[in-house]
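One structure is given below, encoded as structure tokens.
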């Protein structure tokens, strides 16, 4: 049975990357050592982390005045680290677009000396759209405006970025980094957990503009961006193996044509699925058309028993992890960079089959 | 050429573990998915993390009133997390035994509301011994006494634990967890970076006694032990693949006879090398005999040019990462659980050969 893994994260990785990792697992480049066994201070490993950074800079076109950090703790630790580094004694602005934005807001509120203002929210319609942001809504004294570029659970994404004047945008880009057409120079800080488009869980990418580095030290060196920058992500031992896998993913992505080609393919994959949903007598999208994510696509029948049946039958047919997040139900197809177009086509065929068996006029 | 990897961390892993990881890399138990690709909420992954915890509890004989956490950020993040959770508004006691203890002390001093007292230090003799701790030195109102059970760089280790009355011992056990005969019930908190005796870098084990969990929430949920306990290490996505490798290592260790057998083997390996050093006309140990580490064994010739020559020739002969830490120089053999006894014997033979070529009466 062909298996398609629709997991929202940890998610599918490119097969050529896994094959190379497998080949090299016990003997990296003739060293007779696994990458997991390499000292992070060895020249062999130093090449890996430096190449990982260089490749990420290339595929994301990261300008020279931005630093790239390979950290740990996921986006959830960044929810606290960003205000701690950038906003003590200041005000920060948030757009509340769903589950992940809410977590970021809650964490910022708990950092002493940080004033939090939610300037827009789509909570009124169950986070099914991205609220509009006008330049007048941006307090020019704010340390930053925080957005979640893509809500993994709700399935909505920013297509256009807000106009914010001199206030930098800080973005949780965990679920659509490297899969969209954002430009790094439009952000002050970008952070992302690796486990969707980059590599294994436990690695966090932070891209930060030099002028935004904290002037004052943060109480904990591990939480201090400037300390991490000065130590080139090696204040302590980084997640060495995860960085190696990320490097292989960046190589794979570069060889396929880079971020622009990923974006083209992701749009294509999403269109196939959205077209199916639009034309379906049974399935529908709970999300406003203009703000639909191309990486996380929720859909429902409107009948939770039928949703359950679909999930059970889909799972049995090899469509893994298609169940919607426990907080919202229904179905969700997470189709990140490594997810093959054949998997989307197979899902669409399966949905058609399911309609024939269950869907007469149910929409 | 046979390669022996003496790296202090990330360090050698058991070959059977790497072979199993390699076999399963693209297809974990018939799922057609890599463990890296498994959702952390899937039943397949849930079994992995639960089994990892059960195995660690078994091999370390962890009592039921202790929690086991799989966190991120290394011991360096624990240096800040422990005082943040256990000691705000209180006093903490430290024993200064070297590079790692100093980092822990510095981090605790930077946590607001924590009073730090260093009750003993071996800095006077370049951290070549473990200072004596008398019960009278322990302020019974202190939140805890912090020790570094094994100094990876200096090569000294606690054989006996201090008597502390009702004050719990908090231990950075990064470099000798699972390789010694410590009893968990003698500690309040044990923490360890995984990259020496457990698995890949980027995973941190915390073992904490239930009554020591923080009463007040910590500002950042990711830094809050109680939040992590309540979420069974899944407040966010944990380092899933590293936990899987750790599980394989715990299995390997259990099958070999558990921690007691590891301790026996480690003593044996260390004795072979220390006996050689003792008898050598050229090599000597910079460390007090009673406090010598069995996992990290520094040695010198007393002539830094000769040390350099030894490191170059050893490297060329397949003895990798034998160079001492850049802060102390000389040589260092890190011989953790996964390091084979044959590697120690081969090193001893190589040292003998080097003596013959360079060592006439140089001691």
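A short reminder: the numbers here are calculations on the coordinates, not readings from a lab. Keep in mind that what you see is a predicted model, and the values were worked out from it rather than measured. Backbone-built Cβ (ideal geometry, glycine too); neighbour counts: all protein chains shown.
Values as computed for the structure displayed
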{"read-out": "Per-residue average of Cβ from other chains inside 10 Å of A:107-114", "value": "2"}
{"read-out": "Among A:12, A:322, A:277: highest mean-square fluctuation, GNM of chain A, C-alpha pairs under 10 Å", "value": "A:277"}
{"read-out": "Most mobile listed residue (A:168, A:16, A:238) in chain A, GNM with C-alpha springs under 10 Å", "value": "A:16"}
{"read-out": "Ascending list, in nanometres, of distances separating the residue A:215 label from those of the other copies (7 Å, Cα toward Cβ)", "value": "3.9"}
{"read-out": "Chain B: relative contact order in percent, alpha carbon pairs under 8 Å with at least 6 residues between", "value": "23"}
{"read-out": "Gaussian network model of chain A, springs between alpha carbon atoms under 10 Å - residue of A:191, A:336, A:66 with greatest fluctuation", "value": "A:66"}
{"read-out": "Relative exposure of B:81, B:137, A:262, judged by other C-beta atoms within 10 Å (fewest first)", "value": "B:137, A:262, B:81"}
{"read-out": "Sequence of B:235, B:144 once ranked by neighbouring C-beta atoms within 10 Å, starting from the fewest", "value": "B:235, B:144"}
{"read-out": "Over chain A: helical MRE at 222 nm, DSSP H runs n ≥ 4 each giving -39500 (n - 2.57), nearest 500", "value": "-11500 deg cm²/dmol"}
{"read-out": "Simple label model, 7 Å out from Cα along Cβ direction - residue A:231 to residue A:358, nm", "value": "5.1"}
{"read-out": "Added length on full extension, which subtracts the Cα-Cα distance from 0.36 nm per residue, residue B:315 to residue B:275", "value": "12.2 nm"}
{"read-out": "Once the Cα gyration tensor of the range B:257-358 is diagonalised, semi-axes √(5λ) in Å", "value": "22, 14, 13"}
{"read-out": "Cβ-vector label at 7 Å, residue B:163, separations to other copies in nm", "value": "7.6"}
{"read-out": "Spin-label pair residue B:136/residue A:304, simplified geometry with 7 Å Cα→Cβ offset, distance in nm", "value": "6.9"}
{"read-out": "Calculated FRET efficiency for the pair residue B:327/residue A:163, C-beta based, R₀ 51 Å, to 0.05", "value": "0.50"}
{"read-out": "Calculated FRET value between residue B:290 and residue B:260, using beta carbons and R₀ = 22 Å, to 0.05", "value": "0.50"}
{"read-out": "Cβ-Cβ FRET estimate between residue B:19 and residue B:342, R0 fixed at 22 Å, reported to 0.05", "value": "0.75"}
{"read-out": "Ascending list, in nanometres, of distances separating the residue B:290 label from those of the other copies (7 Å, Cα toward Cβ)", "value": "7.7"}
{"read-out": "Test item: B:1-9 mean partner chain Cβ contacts at 10 Å", "value": "4"}
{"read-out": "Rough spin-label spacing in nm, given labels placed 7 Å along Cα→Cβ, for residue B:181 and residue B:117", "value": "3.3"}
{"read-out": "Which of A:58, B:230 has the fewest Cβ neighbours within 10 Å, and the rest in rising order", "value": "B:230, A:58"}
{"read-out": "Cα gyration tensor shape of the range B:25-82, rounded if a/c is under 1.5, else prolate or oblate by comparing a/b with b/c", "value": "oblate"}
{"read-out": "Partner chain coverage, peptide B:12-18 - average Cβ within 10 angstrom", "value": "3"}
{"read-out": "Cα Rg, Dmax, chain A, angstrom units", "value": "21.0, 64"}
{"read-out": "Centre separation in Å (Cα based) which lies between the range A:98-177 and the range B:151-218", "value": "40"}
